[in-house]
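Chemist: Dropping a structure here in structure tokens format, bear with me for questions.
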Amino acid sequence: MKEPKVKHQEIRIPQVARVEGHGNILVEIQKDKVKNVKLNIPEGPRLFETLVIGKTPAEATSIVPRICAICSVSHRYAAIRAFERALGYKVTKETHLLRTLMHYGEMIESHALHAFVLALPDFLNYPSAIAMTDRFAPQVLKALKLKKFGNHIMEITTARYTHGENPTVGGFGKTPTVSELMEIKSEAEKLVPDAEELIELMRTLEYPTAMEDGMVFMCLKPPTDKYGFVGDKVLISTGEEAPIERYLELTNERIVDHSTAKRCRYKERPYVVGAIARINLLGERLRGKAGDAFRRCYSLSWIRNPLYNNLAQAIEILFVLEDIPEIIDELVTHKETLSIKTKIQKPPTLTGKNVGAVEAPRGTLYHYYEITRGLVTGANLVIPTTQNLDAIENHLRIAATNLLNTLQSRPIGKLSAEERIEIERILEMVVRAYDPCISCSVHLVDLSCS
Amino acid sequence: MSKLKVAFYNLSGCSGCLLSIINCEDSLLDIFNAANVVSFLMAQSNNREEEQDLAFLDGSVTTDEQEEFLLHLRPRTKKVVALGTCACYGGVQAMENAKGTFERRFEKVYGKTPFTIVKAFESKPVDAVIPVDYYIPGCPIDGDLFLYNYARLLKELPVDMPKTPVCRECKWQENECLLLKNQLCLGPVTAGGCKARCPSHNLPCIGCFGPADEANLTSEFNLLKEKGYNFAEIERKLRLFGGTKFINSFRELWKSPAAKNQKTQLRKG
């Protein structure tokens, strides 16, 4: 049989699987040294920032979730926060609590999907979660049950699993009933042991170390001393803190030619957002079983090894499950007035501009809008994956260098098929660990229409 | 009987339709077991590109690479199913189509930086590139409707989607009509299948399932005009998810004498 034509001076992974969207990895090698590592993003641009121009805030709020199905609630929520901050809304505590609940639904669904369905098969050497059912059927079914619960919360609070229209600028179209809320509360309590079991499974996995390097982390600072996913300030692991209004200088987006997604750096350095950033920056705030899990799992490797993002997501699922009963108890305190308190309010003004931010499952998401006489005249959105791309490439470079070094400088052309597959597996794991939302990262950024 | 070979692909979109399949948690194992899933990049890594019976396509076509992919896909695939409003009509990213603004909008986002990885163009539905056998719209698709049609397709039966608009499902929910409450609702012209979720939450239909087969666009247009909405507002709503299909029909209306009157009035106003 004829040898397949392989370019010996590169390693190429044509399509990273089990991630959202399309990306491919290219490692260029010169004189047996890694010269260049690229995470190419060939996604088709959809130009969302231009689509919202000339639309009402309500229309724009319907358009932007379509950027990404996996974090559609976060996109909607960030847009709502931006419009409300720009137009001077003050929403009630009940509206805020109901939004927290919908956001929790997305957090559970997205994390369960990523950690247990998309990433876990790597660690156990399976091509998919479906294939894992030969030996891990109970675990896969528990993961799917958690995922389904996340979806159920979103259906009840937002009207649909994906792109639900119920949460709007100023409030909710319809409030869930008390019995729907109580059912969510009791289901959350029931699922705690499943989440603990899955954390334990992830904790005891073997974590490859070839990609380790120190990371700078960034996440939103919750307004109280509780763990959480929303805030108007940004925490940075260098010890700095900044208001979200400074998002442009925190993210510094730029264009590179091998990617339709833009890139970010903080003070010239790649930085990391997402569950691993939040756990590193806010983990000490975790209480209850999630706090116990954090203390049991956390180690200094977490500041160097991006693969711990998967375990961080699992811990966040447990935090959310434990927090849901508290949120619901507070929501139903005055159940008679709940629907009035969450009703959509009218805009205090029709002109303004501001930024709103939430933690999407995969990291800090900024939406900025300018509104003039009721229509959007400018938009700028900065997406978590855009912020992580430089860090992903950095970790890919380190992993490729270390893995090739351990082969004692044998020319790459002489790599055996097994060695090649192993290198490719670890490189793919690095990308996947970040839970990249590739199509999400593509369409957004940098536009202020005059 | 051997299992059909099935593939799931994602073009330019939010992946919401493929996610809606993964969201069928109770049936997920059945979806994979009932067929031979040869390609599903988002869900598995052991994918193979070969002759297949069914290909589901999520997303619209926005790059030369995707066009090429489709042209290679069609000859090796027996039936092609457009999954979701992007694949069926172009999706939200097609809302500015036929305005000739793509180049300018592209430059707004990416500047003048030469951008070599792909050649991008105005978003178009799958059937603008290759023949499509079946359409399952929705933004995203409805999981139940997908399962029903997936089962039909695996039995080599045609897709069966609701032909009537959202209004019919809305009546079944016994909702008070939002148009009567003076809200700009697209229920009368939008394909059903969503179980009238938005109107059931006191929110007007935004048209995310795309145009209904039995939509009376003229009547909706005149009704909205009577309610005092101006042309720009109506057009904007219809463009949100209607892609080229709504826009073309709307153009015809725009040319009608009634519309011309309105245009003149607006200009005067």
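Chemist: Give me a count of the residues in the stretch A:37-73 that are more than 20 Å from A:His22 (Cα to Cα) and within 8 Å of chain B (Cβ to nearest Cβ).
Modeler: 8
Chemist: Quick check on this structure: which one of B:Glu103, B:Glu67, B:Glu122 is outside any loop (DSSP other than H, G, I, E, B), within 12 Å of chain A (Cβ to nearest Cβ), over 25 Å from B:Ala232 (Cα atoms) and not β-branched (Val, Ile, Thr)?
Modeler: B:Glu67
Chemist: Given the criterion in contact (Cβ under 8 Å) with a residue 40 or more places away in the chain, surrounded by fewer than 18 Cβ atoms within 10 Å (Cβ to Cβ) and not in a helix (DSSP H, G or I), identify the matching residue among B:Ala151, B:Ala55, B:Ala98.
Modeler: Of B:Ala151, B:Ala55, B:Ala98, the one residue that is in contact (Cβ under 8 Å) with a residue 40 or more places away in the chain, surrounded by fewer than 18 Cβ atoms within 10 Å (Cβ to Cβ) and not in a helix (DSSP H, G or I) is B:Ala98.
Chemist: On to the next question. Just a yes or no: is a residue in the stretch A:159-180 crowded, with 17+ Cβ neighbours inside 10 Å, under 30 Å from A:Asp292 (Cα atoms) and either out of contact with any Cys (no Cβ under 7 Å at 6 or more places or on another chain) or not basic (Lys, Arg) (or both)?
Modeler: Checked against the condition, which is being crowded, with 17+ Cβ neighbours inside 10 Å, under 30 Å from A:Asp292 (Cα atoms) and either out of contact with any Cys (no Cβ under 7 Å at 6 or more places or on another chain) or not basic (Lys, Arg) (or both), the stretch A:159-180 yields no hits at all.
Chemist: Continuing with the same structure: Out of A:His22, A:His103, report the one residue that is buried (at least 19 other Cβ atoms within 10 Å of the Cβ), touching a residue at least 60 places away in the same chain (Cβ under 8 Å) and within 14 Å of chain B (Cβ to nearest Cβ).
Modeler: Being buried (at least 19 other Cβ atoms within 10 Å of the Cβ), touching a residue at least 60 places away in the same chain (Cβ under 8 Å) and within 14 Å of chain B (Cβ to nearest Cβ) holds for just one of A:His22, A:His103, which is A:His22.
Chemist: Using the structure shown, decide if A:Tyr126 is among the aromatic types (Phe, Trp, Tyr), in a helix (DSSP H, G or I) and either more than 8 Å from chain B (Cβ to nearest Cβ) or farther than 30 Å from A:Thr351 by Cβ (or both).
Modeler: no
Chemist: If A:Ala131 passes every condition in (1) surrounded by fewer than 24 Cβ atoms within 10 Å (Cβ to Cβ); (2) within 7 Å of another protein chain (Cβ to nearest Cβ); (3) in a helix (DSSP H, G or I) but one, which one does it miss?
Modeler: (2)
Chemist: Only one residue in B:Ala87, B:Ala82, B:Ala43 is buried (at least 24 other Cβ atoms within 10 Å of the Cβ), at pLDDT below 90 and either closer than 29 Å to A:Lys147 by Cβ or away from chain A (no Cβ under 12 Å) (or both), so which one is that?
Modeler: B:Ala43
Chemist: Another one. Could you say which residue among B:Ala215, B:Ala258 is modelled with pLDDT under 90, touching a strand residue (DSSP E or B) at 6+ places or on another chain (Cβ under 8 Å) and among the hydrophobic types (A, V, I, L, M, F, W, C)?
Modeler: Criteria check complete, one pass: B:Ala215.
Chemist: Any residue that is within 11 Å of another protein chain (Cβ to nearest Cβ) and not in a loop (DSSP other than H, G, I, E, B) - is there at least one of those in the stretch B:176-198?
Modeler: Yes, some residue in the stretch B:176-198 is within 11 Å of another protein chain (Cβ to nearest Cβ) and not in a loop (DSSP other than H, G, I, E, B).
Chemist: Conditions: (1) more than 28 Å from B:Cys17 (Cβ to Cβ); (2) at pLDDT 95 or above. A:Asn125 meets all but one. Number of the miss?
Modeler: Going through the list (1) more than 28 Å from B:Cys17 (Cβ to Cβ); (2) at pLDDT 95 or above, A:Asn125 breaks only (2).
Chemist: May I pose another question? Might you check whether a residue that is assigned to a helix (DSSP H, G or I) and either over 18 Å from the mean Cα position of the chain (by Cα) or within 21 Å of B:Phe102 (Cβ to Cβ) (or both) occurs anywhere in the stretch B:129-145?
Modeler: No, the stretch B:129-145 has no match at all.
Chemist: Inspect all residues belonging to the stretch A:157-179 and state whether any of them is over 19 Å from A:Glu84 (Cβ atoms), out of contact with any Gly (no Cβ under 6 Å at 6 or more places or on another chain) and among the acidic types (Asp, Glu).
Modeler: No, the conditions are met nowhere in the stretch A:157-179.
The values are calculated or read from the model by the stated rules, or taken from the named source; none is laboratory data. Just so you know, these numbers come straight off a predicted model, no measurement behind them. Note that we place each Cβ from the backbone using ideal geometry, even for glycine, and neighbour counts take in every protein chain shown.
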